[in-house]
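Student: Before anything else, here's the structure in question.
Values in this text are rule-based calculations from the coordinates and carry no lab data. Not measured: the values here are computed from a predicted model. Reconstructed Cβ throughout: ideal geometry from the backbone, glycine too, with neighbour counts over all protein chains shown.
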Amino acid sequence: MPEICRFYGIIIRMFLIDREHPPRHIHIKYGEYQAVMELENFNIIDGGIPRKCRQLVREWAELHQDELIEMWDTQNFHSIAPLE
């Protein structure tokens with residue numbers, strides 16, 4: 001699973017499409033917590049992460065939403081800048 005970004009101890013990944021399922025989403029790991037976040041509306045659809053972590057990931061995902069959706073659709077994975 002390609003790592004897309006890492007910031008504040010948060011790791012963001014995206015699976016290859018042949019191992020995945022709709023809706024478009026990212027996988028989040030923060031310590032022992034794991035979650036899956038939709039890219040259309042930023043809802044957590046599986047797992048759970050602390051509220052502050054969720055807010056940071058949502059802020060980052062909103063900034064890069066178009067790029068993340070394109071990455072999901074094209075499977076052209078690359079790193080995306082972290083939150084500063």
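Student: Could you line up Lys52, Lys29 from fewest to most neighbouring Cβ atoms inside 10 Å?
Tutor: So the ranking, lowest neighbour count to highest, is Lys52, Lys29.
Student: While we're looking at this one, here's another question. If you line up the long axis of helix 65-74 against the longest principal axis of the chain, both from Cα atoms, how many degrees apart are they, to the nearest 10?
Tutor: 40
Student: Still on this structure, please answer the following. Give the shape of region 3-74 as rounded, prolate or oblate, defined through the alpha-carbon gyration tensor: a ≥ b ≥ c are the square roots of its eigenvalues, a/c under 1.5 means rounded, and otherwise the shape is prolate if a/b is larger than b/c and oblate if not.
Tutor: In terms of gyration-tensor shape, prolate.
Student: Below 8 Å between Cα atoms, with a sequence gap of 6+, how large is the relative contact order for the chain in percent?
Tutor: Over the chain, the number comes to 27 percent.
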